[in-house]
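Undergrad: Got a structure here, written out as structure tokens. Questions coming.
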Amino acid sequence: MFLKWSWSLFFNNKISDYFHKFATTEFPSTVQNIINTGYVKLLGLDMSEFKAPSSYKTLNKLFTRALITPRQFDGSLDNFISPADSFVSAQGPIKGDTALQIKGMEYSVKELFTENISDDNYSKMIDGDFMNMYLSPKDYHRYHMVYNCKITKLIHVPGKLYPVNFKYLNKQDSLFIENERVILECVTSDDKLFYMVFVGALNVGKMIFEFEPKVETNIDASEIKVYEYEDLSIQKADCLGYFKMGSTVLMFWEKDMVKLESLVNQKVNFGTIISRLK
């Protein structure tokens with residue numbers, strides 16, 4: 001069993017590594033234009049908010065493209081906005097310690113967070129709320145802060161790189177716990193707690209966090225790394241970083257903090273209101 005697990009981990013991580021090398025290679029402009037244009041047509045990307053495909057020097061630059069003009073969003077502090085363009089695959093109350101990976105498949109929030117969350121903070125999440133947001137390869141891949149807050153901790157958990165599409169969500173138990181992930185612990189000005197969890201996936205692996213360059217994902221690592229911050233303030237809609245392909249962002253709020261908007265099985269954009277303070 002251990003040998004099978006080790007081979008699966010090695011194989012999936014290597015695929016992601018090779019794909020990353022291809023995507024970050026700068027080909028001659030004519031070839032690169034064919035690659036970029038083919039990718040846009042294949043996935044049916046809407047490029048109306050971005051530069052022309054030919055302007056990106058690598059496929060990775062196209063994946064991680066920035067918006068030409070800032071998105072409009074509600075800047076008031078009575079709501080949380082979506083961190084990314086994504087599809088809401090599941091949402092609802094955390095039942096004790098249990099959240100849904102997808103309908104009918106549960107997992108432990110404590111296992112997802114690891115032992116590096118304090119007991120006091122973990123207890124606040126019991127019977128709280130969650131939302132799962134899947135970014136497909138065709139989506140805008142940058143992720144943003146959902147609310148004004150201070151980031152007090154970043155936890156990088158190495159792991160597998162299983163795909164996070166619906167096929168795998170429906171058949172792979174505890175996929176979010178198995179996969180590599182980065183956990184942000186966030187505290188609002190009135191001392192309310194929420195978490196953002198960024199999950200790696202096949203052909204993604206690389207997750208970039210602009211405020212913490214020491215985070216290196218999709219490398220041969222087994223040790224969990226924890227970064228703590230005294231005064232790292234982030235404003236609503238600030239760019240946190242990006243996936244180098246599609247993946248998943250998981251949101252968790254402490255008990256009685258928010259009321260979720262009804263968004264399951266719906267497409268949302270970065271800036272869409274996803275929950276409101278109670």
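Undergrad: Taking the Cα atoms only, what angle lies between the long axis of helix 29-43 and the longest principal axis of the chain, rounded to 10 degrees?
TA: Once rounded, the angle reads 50 degrees.
Undergrad: Still on this structure, please answer the following. Return the single residue from Met251, Met47, Met145 with maximal mean-square fluctuation; model: Gaussian network over the chain, springs between Cα atoms under 10 Å.
TA: In the Gaussian network model the winner is Met47.
Undergrad: Here's a follow-up. Give me, ordered by chain and number, the residues 5 or more places off Gly92 or on other chains with an amide H under 5 Å from its own placed amide H.
TA: Phe130
Undergrad: Per 0.36 nm of contour for each residue apart, how much would the distance between Ser55 and Asn33 grow if the chain were fully extended, relative to their Cα-Cα spacing?
TA: Answer, rounded to one decimal: 7.1 nm.
Undergrad: Which of the peptides 129-136, 147-154, 223-230 is most tightly packed, and how do the rest follow, judged by the mean count of other Cβ atoms within 10 Å per residue?
TA: By packing density, highest mean first, the sequence is 129-136, 147-154, 223-230.
Undergrad: While we're looking at this one, here's another question. Which FRET efficiency value, to the nearest 0.05, do you get for Arg276 and Phe22 by plugging their Cβ-Cβ distance into 1/(1 + (r/R0)^6) with R0 = 51 Å?
TA: Result of the calculation: an efficiency of 0.75.
Undergrad: Follow-up question, since we're still on this one. Given a Förster distance of 35 Å, report the FRET efficiency between Ser48 and Val215 from their Cβ-Cβ distance, rounded to the nearest 0.05.
TA: Approximately 0.65, to the nearest 0.05.
Undergrad: May I pose another question? Length gain on complete extension for the stretch Gln266 to Tyr229, per 0.36 nm per residue less the alpha carbon to alpha carbon distance?
TA: Between Gln266 and Tyr229, full extension yields an extra 9.9 nm.
Undergrad: Can you compute the FRET efficiency between Ile68 and Ser174 using 1/(1 + (r/R0)^6), with r the Cβ-Cβ distance and R0 = 41 Å? Round to the nearest 0.05.
TA: After rounding, the FRET efficiency stands at 0.55.
Undergrad: Next question. Cβ neighbours within 10 Å, averaged per peptide: list 184-197, 75-88, 111-124 in order, most packed at the top.
TA: 75-88, 184-197, 111-124
Undergrad: Let me ask another. Mind sorting out which of (1) 29; (2) 21; (3) 17 is the real percent of Cα pairs over 32 Å apart computed from the coordinates?
TA: Checked against the structure: label (2).
Every number in this text was worked out from the coordinates using simple rules, so none of it is lab data. Since the model is a prediction, treat every value here as computed from it, not as a measurement. So basically every Cβ, Gly included, is an ideal-geometry build from the backbone, and we count neighbours across all protein chains shown.
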